[in-house]
């Protein structure tokens, strides 16, 4: 019922409430990393990719520009590029611009998959201007679930694309399951170009997840702001510090929100208690050696046709088949 002032009560996403509570009521409180990417989260992550400490994006972009012709070489005509986690088309453009031996564009259709529907809508408008010849079929979905490609691309050769080392946010078991599902979605004749960060000195890794400008901290706290807006929560985001740590045994960066003091937050009326210093685990980012990643891909039925790295061996792109 509307309030007497005429304003409607905010809509509560009960699925989000259940998801948040299922993590926050565990002994080690956690929130899934996919909750980062509301509209503000996407904006903040774009800022992260431009930071001097965040080597991943600029290293991958440079490498991708160099190897894009090799990645599409030999593709049958009129292929479909299927990108997982495509909040924008910046990296896909390196592949979309490639031409085959006859001088024709190698990719005829583009299927970006992402949970952020507003970002997909804006992308479709931009591509209609910049690539009017390209058939664009966005899918607003969680790529960790089974994905059915549009009928319009069903008969085309498929090149999967999963950049940004997003696969590092999955533990090895989840990464294997994802690669199995992707193989089902893309088909047995498909190729799959995957970007993954390489294991390296924590002195390089940690600043990429804890920048001096505090953008990653804002990105992390935005999880709580989103819960306030969409799940009827009352977190004081400034009462939580951002923390990034290197777990050498698991070969991963871990991100946390750390309660500054004893406090209580409510989500749709359900109280969640925090002790001073208690943490919410918000993200893992696994860093694999090339050998370890190829082993995981092999378990999912893929073989590595090519592995490309930058001269400093910071990042790798794998072409799987």
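FYI, it's all coordinate maths here, none of it is from the lab. All of these numbers come straight from a predicted model, not from anything done at the bench. Cβ coordinates were reconstructed from backbone atoms using ideal geometry, including for glycine residues, and neighbour counts include every protein chain displayed.
Compactness ratio for segment 126-206: Cα radius of gyration over 2.2 N^0.38 Å (N = residue count) comes to 1.33.
Going from the residue with the fewest nearby Cβ atoms within 10 Å to the one with the most, 259, 238, 251, 22 rank 238, 22, 251, 259.
Potential lengthening of the chain between residue 174 and residue 309 amounts to 46.2 nm, from the contour at 0.36 nm per residue minus the alpha-carbon distance.
Taking neighbour Cβ counts within 10 Å as the exposure measure, how do 21, 224 sort from fewest upward? Display every interim value, and only then the final one.
Numbers: 21 16, 224 24.
Listing 21, 224 from fewest to most nearby Cβ atoms yields 21, 224.
Pairs of Cα atoms in segment 206-321 fall into 10 Å distance bins, from 0 up to the last occupied one, in shares of 12, 31, 25, 18, 12, 0 percent. Cα axis of helix 215-230 to longest principal axis of the chain: angle in degrees, 0 to 90, nearest 10? For 215-230 against the chain, the angle is about 70 degrees.
Here the label points at residue 129 and residue 229, each 7 Å from Cα along the C-beta direction, are separated by 2.4 nm in the simple model. Note: relative contact order over segment 71-143, using C-alpha pairs below 8 Å and six or more positions apart, is 34 percent.
For segment 123-282, go through all pairs of different Cα atoms, get the mean of 1/r, take its inverse, and jot down that Kirkwood value in Å. When all Cα pairs of segment 123-282 are included, the Kirkwood radius is 19.2 Å.
Report the rotationally averaged projected area of segment 49-185 based on its alpha-carbon convex hull, in square nanometres. In nm², the orientation-averaged hull projection of segment 49-185 is 8.8.
Above 30 angstrom, tally the Cα pairs of the chain and express them as a % of all pairs, no decimals. Show your work: numbers first, answer last.
Values: 19253 of 51360 pairs.
Value for the chain (Cα pairs over 30 Å): 37 percent.
Sorting 302, 133 from the fewest to the most surrounding beta carbons within 10 angstrom yields 133, 302.
Normalised Debye scattering of segment 80-141 at q = 0.14, 0.19, 0.25 Å⁻¹ gives log10 I(q)/I(0) of -0.35, -0.63, -1.03, counting only Cα atoms as equal scatterers and leaving out solvent. Working from Cα pairs under 8 Å separated by at least six residues, relative contact order for segment 1-125 is 20 percent. Pull out the extension gain between residue 188 and residue 26, defined as 0.36 nm times the separation in residues minus the alpha carbon to alpha carbon distance; nm, one decimal. Taking 0.36 nm per residue and subtracting the Cα distance, the gain is 54.4 nm.
Evaluated over the Cα positions of segment 279-318, the convex hull gives a direction-averaged projected area, one quarter of its surface, of 4.1 nm². Shape analysis of segment 183-244 based on the Cα gyration tensor places the equivalent ellipsoid semi-axes at 33, 23, 7 Å, largest first.
On a C-alpha basis, how far is the centre of segment 281-301 from the centre of segment 206-243 in Å? Whole number, if you could? Segment 281-301 and segment 206-243 have Cα centres spaced 27 Å from each other.
Please determine, in degrees from 0 to 90 and to the nearest 10, the orientation of helix 55-72 with respect to the longest principal axis defined by the Cα atoms of the chain, where the helix direction is its Cα long axis. Roughly 30 degrees between the two axes.
What would the Debye equation give as log₁₀ I(q)/I(0) for segment 1-128 at q = 0.12, 0.23 Å⁻¹, counting only Cα atoms as equal point scatterers? Computed log10 I(q)/I(0) values: -0.68, -1.35.
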